[in-house]
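Below you'll find the structure, written out as structure tokens, and then a few comments.
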Amino acid sequence: MMTNLFSVFDPATNIFNLSLNWLSTFLGILLIPTAFWLMPSRHTVLWNNIMLTLHKEFKTLLGTSSYVGSTLIFISLFSMILFNNFMGLFPYIFTSTSHLTLTLSLSLPLWIAFMLYGWINHTQHMFTHLVPQGTPSVLMPFMVCIETISNIIRPGTLAVRLSANMIAGHLLLTLLGNTGPSMSLILINVLLITQLALLTLESAVAIIQSYVFAVLSTLYSSEVY
């Protein structure tokens, strides 16, 4: 018996009071075939092409002043979120990215690290970001407040955007799936087609949201140089 609409997303599988649902975050490592690491294959070539494309794009966003290899953390972030989003589309597998526990754990340390690095090493540059160029003197105090607030809420918006997009589609799929037993045969066929269309849409959302999270993190880090 569900206590509320969102209780289907609760990590409820327990052994010795340990929540085992969070293990789905690491489940995909077991599904990667050994051949992927040992010899070139179509999967390896495809993934290498994806990583190379992401590297070039992130390098452009970071600019020439960025450190060598700084795109690696954002490619890894993209890969992890993409994998978790896709694993959540399989039946009976817990979607860890639909919880703020995971999304905030990803966005908050990144944002804190960017802020610490920027304010310690490029203090004057960080102050200039608080007042956009061409702002009238009268509006400068208000702009500083607005820019400070918009900067502080960045990790929250990153986390909420990812978890809300993940939970919305899954909730719709769950609600439609629960109406199946009470439907006639014709309506069940319509329901199946709708579910397949929604599943395709959720696959696209899984890719887009992981890409958006990684790109926005890259843009935030590029501002501290």
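The values are calculated or read from the model by the stated rules, or taken from the named source; none is laboratory data. Quick caveat, the model's predicted, so the values are computed rather than measured. FYI the Cβ positions are ideal-geometry reconstructions off the backbone, even for glycines, and counts take in every protein chain you see.
Check the stretch 124-143 and report whether any residue there is under 26 Å from residue 208 (Cα atoms) and modelled with pLDDT of 85 or more. Show your work before the answer.
To start, the set of residues in the stretch 124-143 that are under 26 Å from residue 208 (Cα atoms) comprises none.
No, every residue in the stretch 124-143 fails to be under 26 Å from residue 208 (Cα atoms) and modelled with pLDDT of 85 or more.
Could you please tell me which pairs satisfy a Cβ distance under 8 Å, a separation of 6+ or placement on different chains, a first residue in the stretch 97-109 that is closer than 12 Å to residue 156 by Cα, and a second residue that is charged (D, E, K, R)?
107/154
Quick check: anything in the stretch 62-77 at pLDDT below 80 and either in contact with a Lys or Arg (Cβ under 8 Å, 6 or more places away or on another chain) or within 21 Å of residue 199 (Cα to Cα) (or both)? Reasoning before the result, please.
So in the stretch 62-77, the residues at pLDDT below 80 come out as 63-69.
Of the ones still in play, those that are also either in contact with a Lys or Arg (Cβ under 8 Å, 6 or more places away or on another chain) or within 21 Å of residue 199 (Cα to Cα) (or both) are 66.
Looking through the stretch 62-77, at least one residue is at pLDDT below 80 and either in contact with a Lys or Arg (Cβ under 8 Å, 6 or more places away or on another chain) or within 21 Å of residue 199 (Cα to Cα) (or both).
Considering only the stretch 117-146, state which residues are farther than 30 Å from residue 70 by Cβ and among the small types (Gly, Ala, Ser). So that I can check it myself, show each step before the final result.
At the first step, the residues of the stretch 117-146 found to be farther than 30 Å from residue 70 by Cβ are 134-142, 145.
Listed by number, the residues that qualify are 134, 137.
Yes/no matrix, rows are residues, columns are (1) of a type in the set (S, T, N, Q); (2) on the phi > 0 side of the Ramachandran plot; (3) touching a residue at least 60 places away in the same chain (Cβ under 8 Å):
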{"residue": "59", "(1), (2), (3)": "no, no, no"}
{"residue": "63", "(1), (2), (3)": "no, yes, yes"}
{"residue": "68", "(1), (2), (3)": "no, no, no"}
{"residue": "86", "(1), (2), (3)": "no, no, yes"}
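Out of 134, 177, 169, which single residue is of a type in the set (Gly, Ala, Ser), out of contact with any strand residue (DSSP E or B) (no Cβ under 6 Å at 6 or more places or on another chain) and in a loop (DSSP other than H, G, I, E, B)? Let's see the steps before the verdict.
Numbers: 177 fails: in a loop (DSSP other than H, G, I, E, B); 169 fails: in a loop (DSSP other than H, G, I, E, B).
Of 134, 177, 169, the one residue that is of a type in the set (Gly, Ala, Ser), out of contact with any strand residue (DSSP E or B) (no Cβ under 6 Å at 6 or more places or on another chain) and in a loop (DSSP other than H, G, I, E, B) is 134.
Has the stretch 102-119 got any residue that is polar (S, T, N, Q) and buried (at least 17 other Cβ atoms within 10 Å of the Cβ)?
Kept after step one, since they are polar (S, T, N, Q), are these residues of the stretch 102-119: 103, 105, 107.
With the extra rule that they be buried (at least 17 other Cβ atoms within 10 Å of the Cβ), the set shrinks to 103, 107.
Within the stretch 102-119 (the criterion being polar (S, T, N, Q) and buried (at least 17 other Cβ atoms within 10 Å of the Cβ)), the answer is yes, since at least one residue qualifies.
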